[in-house]
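Asks: Below you will find the structure I want to go over with you.
The values are calculated or read from the model by the stated rules, or taken from the named source; none is laboratory data. Just so we're clear, the structure is a prediction, and the values are computed from it rather than from any experiment. Glycine gets a Cβ as well: all are built from the backbone with ideal geometry, and neighbour counts include every protein chain shown. When the accessible area is computed, the model is the full protein with side chains, heavy atoms only, and any ligands, DNA or RNA have been set aside. Shrake-Rupley method; radii C 1.70, N 1.55, O 1.52, S 1.80 Å.
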Amino acid sequence: METVIEIQHLSKSFGSHEVLKDIDFSVKKGEVVCIIGSSGSGKSTLLRCVNLLEKPSGGQIIYHGENILDEKHDIYEYRKNLGMVFQQFNLFNNLNVMMNCVVGQMKVLKRSREEAEKVALKYLQVVGMDKYVNAKPKHLSGGQKQRVAIARALSMEPDVMLFDEPTSALDPEMVGDVLKIMKELAHSGLTMLIVTHEMEFAREVSDRVVFMDKGVIAEEGTPEQIFNNPTEARTREFLKRTLS
Ligand code: ADP
Ligand code: MG
């Protein structure tokens, strides 16, 4: 399968604090890659570097064969291809559910209002939120907000979806709904890069699991390898801590 994103020797420092060190990994078309690791290990920073919310300090991001950190490359064009779902939803609180899913399409993709609404409705149906088109975010539960945030990202019809701990801010009873939708998306062939602390989910849906520790990729492999036969002591310790 074609490689969509390839990260080479990526590093990121905040001042003298080196948060990411020599990160290498790739995501192929249709693959689901989960990133796991302790809090503070650099998972969010890595995702934010992939979509250029943070500027990497070094290394390369190759997107379909092109180094997008090259001066001549249009970062704005690149970012259109990535959908992002955040832990804290980041919905526009003054806009209703439909408009949350429409504004980006109109502004960035130059779709007409009519077309954007049609696309939005399709993805709101996918996440089971089509009954709530007129609701404002403040009237929704956390799980419902996150489902809208997923529909909003999907409405941009991105090449890759990035998720940063999409269930961490949810009440426990809401987590299952969101994970169920993400599983359906994973099985639909969507390319997904997911930071998660839901180990059962990671084990079930991932093609590959990346374990991060203190700013490096400590181990990477199939879910079978990582969860059943980790080779690194720090992976074993992390799993023991997390699964107990
Ligand atoms: P994780 O998502 O794995 O919990 P993060 O990527 O959020 O880890 O953070 C990794 C490290 O980078 C932490 O030590 C954090 O304090 C630091 N960090 C993250 N963002 C910033 C920032 N904007 N400025 C300074 N330090 C940061
Ligand atoms: Mg994080």
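Asks: Does GLY83 count as more than 16 Å from ligand 1 (Cβ to nearest atom), in a loop (DSSP other than H, G, I, E, B) and closer than 17 Å to PRO158 by Cα?
Replies: no
Asks: Which numbered condition trips up ARG236, out of (1) farther than 18 Å from VAL127 by Cα; (2) open to solvent by less than 20 Å² (accessible area, probe 1.4 Å)?
Replies: Only one criterion in (1) farther than 18 Å from VAL127 by Cα; (2) open to solvent by less than 20 Å² (accessible area, probe 1.4 Å) is unmet by ARG236, namely (2).
Asks: Answer yes or no: is there a residue in the stretch 69-79 that is open to solvent by 80 Å² or more (accessible area, probe 1.4 Å), outside any strand (DSSP E or B) and within 12 Å of ligand 1 (Cβ to nearest atom).
Replies: Within the stretch 69-79, not a single residue is open to solvent by 80 Å² or more (accessible area, probe 1.4 Å), outside any strand (DSSP E or B) and within 12 Å of ligand 1 (Cβ to nearest atom).
Asks: Take the residues in the stretch 156-189 that are under 14 Å from the mean Cα position of the chain (by Cα) and within 16 Å of ligand 1 (Cβ to nearest atom), then tell me which one is nearest to VAL50 (Cα to Cα).
Replies: Once the filter is applied, the top-ranked residue is LEU162.
Asks: A further question on this structure: Among the residues of the stretch 9-53, write down those that are over 19 Å from ARG79 (Cα atoms), within 15 Å of ligand 2 (Cβ to nearest atom) and surrounded by fewer than 21 Cβ atoms within 10 Å (Cβ to Cβ).
Replies: PHE14, VAL19, SER38, SER39, GLY40
Asks: Here's another thing I want to ask about it. Looking at (1) within 16 Å of ligand 1 (Cβ to nearest atom); (2) exposed (fewer than 14 other Cβ atoms within 10 Å of the Cβ), which is the only condition GLY65 fails?
Replies: (1)
Asks: Residues of the stretch 190-210 being exposed (fewer than 15 other Cβ atoms within 10 Å of the Cβ) and within 13 Å of the chain's Cα centre (by Cα), which ones?
Replies: none
Asks: Let me ask something additional. Out of all the residues in the stretch 1-18, which are farther than 22 Å from LEU193 by Cα and part of a loop (DSSP other than H, G, I, E, B)?
Replies: Matches in the stretch 1-18: GLY15, SER16.
Asks: Let me ask something else. Please go through the stretch 190-220 and pick out each residue that is part of a loop (DSSP other than H, G, I, E, B) and of a type in the set (A, V, I, L, M).
Replies: Within the stretch 190-220, LEU190 is the sole residue that qualifies.
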